[in-house]
Amino acid sequence: FHIGQAYSKNSDSITVEFTEVSGATSYILRAESKTGDFFKESTVSSSPGTMVELQPYTDYVLSVMSVNSGGRSQPSYPTEARTVVMAPNLNTSSPTNGTILVTWDPVKDAVLYTLVIIREGSSTRLKLNTTDTAVTFDDLEPGTTYCIKGTAWDSEGRTGDDVTACQITRPQSPDVTHVQVTPGRALGIAVFWSQVRGANLYLVWTSNGQNCSTENNYCYINPADCGQNHSVYVIAYNDAGPSSPSQPDHCLSLTDPCPPENIWVEEPRAGNCSVMWDGVPLVEYYMAFIKRDDGMETFCNTSVTTCPFSCMCGYTYLTTVFPYNQAGSSPYGHVRNYTTIPCCPQDVMIKLVSTETLEIMWTPVKGAELYETTAAQTKDVIHCNDTAPVCALSDLSCNTAYSVTVTPCSDLRGCNHTCKPQTHETAPCTPEILNMTQTNSSTYRIFITTPNTPDTNYTITATGRYDRQICQSMNSSCVLTQLPCGSVYEVTAVATTAVGKSLPGFSKTLETGPCCPMSVNVTQVTQAMTNVTWSPSTGARSFITSLTSPRGYAKCHTLDTHCLMGCITCGTNYSVNLEAISSTGQKSECKYRGFSSSACCPTGVKLYRRTNNTLRVYWRSLGPQIYNHTVELYGTGANYTCMAAAGSMYCDIQEETCGDVYTVVAAPVEKYGSKVTFCQPRTYSVPCPGSNAGMGTYHLILKTTMLTR
């Protein structure tokens, strides 16, 4: 079999016609480039077959092989063929509503281009050959779609691929049919026009830059400027772009005056307000309306740009100004709000709720959304910033007058800083106890700090288990009297002024001295020793007892209610003192009636036998010889007593029997006839004259020479 012919209709393919052979089930087309850098095979079922995916305007060597179950045949005798050139890439646009511009990039190996244009819905065609890469078709219909087919030719006169591009021309300029002003408070312009072919959007604009867009044949421009002349234009749009603007038409003269843009209220003095505004052209006079938020309304007619009115604190005023001329008033007016400053509270009440906290209360005032509470003494720090008409100023300094100001505030006008302050004083500062001194057995002076103003009164309270004692003072000390001994009191100090009392200061414990025993008894046990006893004492734990005289003193320290004391001198007057001491060291000095020690016992007692069977007792007296003496002799056979007058130092006794042993006691007799009972006895053996019997049995023995003297 052999290849009949090979030709190219597209730039990327070659069609091969060949004779078919019997027994073949398919055929293989083979394409090779003449340069050897391309090789491709493609299976086809019959003739003709097309080899695709080739390069434009390129030479290829083509051959065919038949295929059956036994394999493929030998290639046919080859033939050569060249692909055609590519189609130009057309770019279209419509510069005007009657022209279409077609441009393309040069096609490689092309020497001529053919363009064919046809209007949509028409069979009329226009063919154009050119070697250029741009063509303009003119005299076209506006708003109409045209399709352009483009083909390139090679140097062999073969046409390449073809391509078709469709382009709509721009729409014709619309004709404005009617323009009118729309009624209402907001001015507007209604524009009507005739629709044009091919337009899918219309844009209407005025000479002052306002516009509207629509797909319909009418459009509204809102708002329109008052008192101005406008030229109105309409432009039609489609995919190709805009049409030329319509011819200017319908010059409008809106002579209604415009409302003033800038309106404000000034309040040079509280209660005197003026609404003011910027002047506008074409005005003969103005009407200003002022309406208060409670419904009250006023107005003024003026040719100037100001209108005075009376205003009250805490209200909002709505102001509107309408200009007038021969055509009427402005269709609308701007409304401006003006809010006066909130009113000052008139019934501010300040109450001391604790020593350093002030509670401030007031009735809500009109126009206030928030209240700021300050005190000048705290550097005007805002203590409360709240909507509630109550505030507590805490952690203040004691005994200080605070000037409190309640300032009402609003979001619109801020705060009213003209409100007068109210003054209130905090409670006095707490006094502290510095010292407590005892001035006598039941009186104590309390020393305190005085941290407040001079007119402050201080109260000292001593609270005991069974009673309470109070003293008051305006200086730094106070005397508590009639405090019973042996008691414990808790002492506190409180300051008082006209506004109230301070907190009590830290308490201190006051312990009065222990009570002195009601009675003290001094009993002489021996000539040099006494036993002192006393009654129990409230509040005392230990005692120091002392007996004092110019000739010496005796002292003892004990926990008991009695004490045995030595070092006593006979015949001496002693002062008796007792010091009661509590468990904490509190002391009470107690003095009692003096004590006189007993007369001194005689010393050097001797016993003499006299010639007339009498015995003489002889002694020596210590101290002043002002006491009588009694002498007692106790024998086994008889007892004898004699008295000696003051100043005498012996006493004679008539002996009845001799040879006896005597116990001799010589003692002074005191003022009231009482005998000193603790003088020591002496024992003597008295033998009969001329006898020495028994002389060695006693520790005190009188010599014979002494007895016979």
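The values are calculated or read from the model by the stated rules, or taken from the named source; none is laboratory data. All values derive from a computational prediction rather than experimental measurement. Note that each Cβ is placed from the backbone with ideal geometry, even for glycine, and that neighbours are counted across all protein chains shown. These area figures cover heavy atoms from the full protein model, side chains too; ligands, DNA and RNA do not enter into them. Shrake-Rupley method; radii C 1.70, N 1.55, O 1.52, S 1.80 Å.
Note on GLU490 and THR363: the model spin-label points, each 7 Å out from Cα along the C-beta direction, lie 4.7 nm apart. Annotation: lysines with alpha-carbon distance below 16 angstrom to LYS606 (same-chain offsets under eight excluded): LYS703. Placing dummy labels 7 Å off each Cα toward the beta-carbon, the span from ASN272 to THR177 is 6.4 nm. Stretching the chain fully between SER231 and THR663 yields a gain of 138.7 nm (0.36 nm per residue, less the alpha carbon separation).
With a 1.4 Å probe and all protein chains left in place, how much accessible area per residue does the chain have, in Å²? Walk me through the intermediate numbers first.
On the way: 37300 Å² over 709 residues.
I get 53 Å² per residue for this part.
With a simple spin-label model that places each label point 7 Å from the Cα along the Cα-to-Cβ direction, the separation between GLU32 and TRP264 comes to 9.6 nm.
Rounded, prolate or oblate: which one fits the range 1-100, using the alpha carbon gyration tensor with axes a ≥ b ≥ c (rounded when a/c is under 1.5, else prolate when a/b beats b/c, else oblate)? If you can, show how the numbers build up before the last one.
On the way: a/c = 3.52, a/b = 2.54, b/c = 1.39.
Prolate.
Global size of the range 585-634: 19.9, 70 Å for Rg and Dmax (C-alpha atoms, Rg to one decimal, Dmax whole). Amide hydrogen proximity for THR58: with H placed 1.01 Å from N in the peptide plane, the residues at 5 or more positions away or on another chain lying under 5 Å are THR83. Figure note: ARG125, ARG616, ARG197 ranked by solvent-accessible area, largest first, 1.4 Å probe, ligands and nucleic acids not counted: ARG125, ARG197, ARG616. Close amide-amide hydrogen proximity is noted between SER231 and SER207, ASN208, each under 5 Å apart and 5 or more residues distant or on a separate chain (H modeled in the peptide plane; Pro and chain starts excluded). Computed from backbone phi with θ = phi - 60° and the Karplus coefficients 6.51, -1.76 and 1.60, the 3J(HN,Hα) list for the range 495-504 is 9, 9, 10, 5, 8, x, 9, 7, 5, x Hz; x is used for glycine and proline. Between amide H atoms placed 1.01 Å from N, distances below 5 Å from VAL605 occur with ARG620, all of them 5 or more places distant or on a separate chain.
Checking the Cα-Cα distances for LYS291/LYS420; LYS351/LYS508; LYS379/LYS501; LYS351/LYS420; LYS508/LYS587 against a 28 Å cut-off, the pairs over it are LYS291/LYS420; LYS351/LYS508.
Between LEU503 and CYS415, what FRET efficiency comes out of the Förster formula 1/(1 + (r/R0)^6) with R0 = 35 Å and r the beta carbon distance, rounded to 0.05? Intermediate values should be presented prior to the final figure.
Details: r = 36 Å, r/R0 = 1.02.
My answer for the efficiency is 0.50.
The string of couplings for the range 511-525 from the Karplus curve (6.51, -1.76, 1.60, θ = phi - 60°) is 10, 6, x, x, 6, 6, x, 5, 9, 10, 10, 10, 10, 7, 8 Hz, one whole number per residue in order, with x for Gly and Pro.
Computed 3J(HN,Hα) for the range 421-436, one whole-Hz value per residue from the Karplus formula 6.51 cos²θ - 1.76 cosθ + 1.60 where θ = phi - 60°, is x, 10, 10, 8, 9, 7, 5, x, 6, 6, x, 10, 7, 8, 7, 9, glycine and proline marked x. A Förster radius of 25 Å, combined with the Cβ-Cβ distance separating GLU215 from ASP162, puts the computed FRET efficiency at roughly 0.10. Projecting the Cα atoms of ASN301, SER330, VAL234 onto the dipole axis of the range 234-366, where Lys and Arg carry +1 and Asp and Glu carry -1 at the beta carbon, places ASN301 farthest toward the positive end.
If you add up the charges near GLY198, with Lys and Arg at +1 and Asp and Glu at -1, over every other residue whose beta carbon is less than 10 angstrom from its beta carbon, what do you get?
Details: positive: ARG170, ARG197; negative: GLU141, ASP239.
Within the 10 Å Cβ shell, the charges total 0.
Between rounded, prolate and oblate, where does the range 527-570 land on the alpha carbon gyration tensor, with a ≥ b ≥ c its root eigenvalues, rounded for a/c under 1.5, else prolate if a/b exceeds b/c? Prolate, because a/c is 1.5 or more and a/b exceeds b/c. Give the cross-link partners of LYS675 among the aspartates and glutamates, using a straight C-alpha distance below 13 Å as the criterion and excluding same-chain residues fewer than 8 apart. Hits, sequence-local ones excluded: GLU632.
For the pair the range 158-219 / the range 479-524, the C-alpha centres are spaced 110 Å from each other.
With R₀ set to 25 Å, the beta-carbon distance separating THR449 from SER583 gives a calculated FRET efficiency near 0.25. The accessible surface of the chain, taken with every protein chain in place and a 1.4 Å probe, is 50 percent carbon and sulfur. At full extension, SER473 and THR683 could sit 68.0 nm farther apart than now, given 0.36 nm per residue minus the alpha carbon distance. For the chain, the 222 nm mean residue ellipticity estimated from helices alone, with every DSSP H stretch of n ≥ 4 adding -39500 (n - 2.57) and the total spread over all residues, rounds to 0 deg cm²/dmol. Where the alpha-carbon atoms of the chain are placed on the principal axes, they occupy 214, 106, 34 Å, in descending order. Magnitude of the charge dipole for the chain, about its Cα centre and with charges confined to Cβ atoms of Lys, Arg (+1) and Asp, Glu (-1), is about 7340 debye.
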